[in-house]
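**Student:** Structure incoming, see below.
Just so it is clear, none of the values below were taken in a lab; they were calculated from the coordinates. Bear in mind the structure is a predicted one, so any value in this text is a computation, not a measurement. So basically every Cβ, Gly included, is an ideal-geometry build from the backbone, and we count neighbours across all protein chains shown.
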Amino acid sequence: MAERKNMRIAFHHGGIIPASVLKAKKDKSVGPHEEVTVPAAYGKHLCDDKFAYELVGKKSAKDKTAAEQTAADLAEKVETAQSNLTAAQTALDEVEGQEAKDAAQEAVTKAQAALSALEGK
């Protein structure tokens, strides 16, 4: 069986493909789950090291739209979580009394945990 020359991959958390790999003038930044075609040996290396995963089959336009919507929803949730964290930190700085500070610190901790969960940390 003949070795294939290229393969389609996507990074879990985004990545950079060196210009030398793509035979391009500059490196290519790739977002999370964005499809990119690379030489098979390089793609296999990234997949084996769990930086990326191989894309098999063809995606329909409907699937791409659903993926784009999911990404947009996630971005909105992250933005909301960041706003909640900022508000909780501001409240912590402004409250008086130990009981109020303890409650505000708990809100900050919960907001940090929610943001970390959304960002995959």
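**Student:** Place a point 7 Å from the Cα of V56 along the Cα-to-Cβ direction; which residues of the range 1-43 have their backbone N under 16 Å from it?
**Tutor:** In the range 1-43, the label zone of V56 (backbone N under 16 Å from the point 7 Å along Cα→Cβ) covers 4, 7-10.
**Student:** Another question, then. In deg cm²/dmol, rounded to 500, what helix-only [θ] at 222 nm does the chain give when every DSSP H run of at least 4 residues adds -39500 (n - 2.57) and the total is split over its residues?
**Tutor:** Roughly -19000 deg cm²/dmol at 222 nm, from the helical runs in the chain.
**Student:** Here's something else I'd like to know. Using the Kirkwood formula on the Cα atoms of the chain, what hydrodynamic radius do you get, in angstrom to one decimal?
**Tutor:** When all Cα pairs of the chain are included, the Kirkwood radius is 17.5 Å.
**Student:** Related question: Between helix 98-119 and the chain, what is the angle of the helix's C-alpha long axis to the longest principal axis, kept within 0 to 90° and rounded to the nearest 10?
**Tutor:** 10
**Student:** Report, in debye and to the nearest 20, how large the dipole of the range 6-54 comes out about its Cα centre when Lys and Arg carry +1 and Asp and Glu carry -1 on their Cβ.
**Tutor:** Computed charge dipole of the range 6-54: roughly 240 debye.
**Student:** In addition: Of K25/K50; K26/K77; K26/K50, which sit over 29 Å apart, Cα to Cα?
**Tutor:** The answer is K26/K77.
**Student:** Still on this structure, please answer the following. Loop sites only, by DSSP: take the GluC sites (Glu not before Pro) in the chain that have at most 16 other C-beta atoms within 10 Å and name the longest stretch containing none of them. Show your work: numbers first, answer last.
**Tutor:** Working: sites that count: E3, E34, E35, E96.
Counting only loop sites that pass the neighbour cut-off, the longest clear stretch is 36-95.
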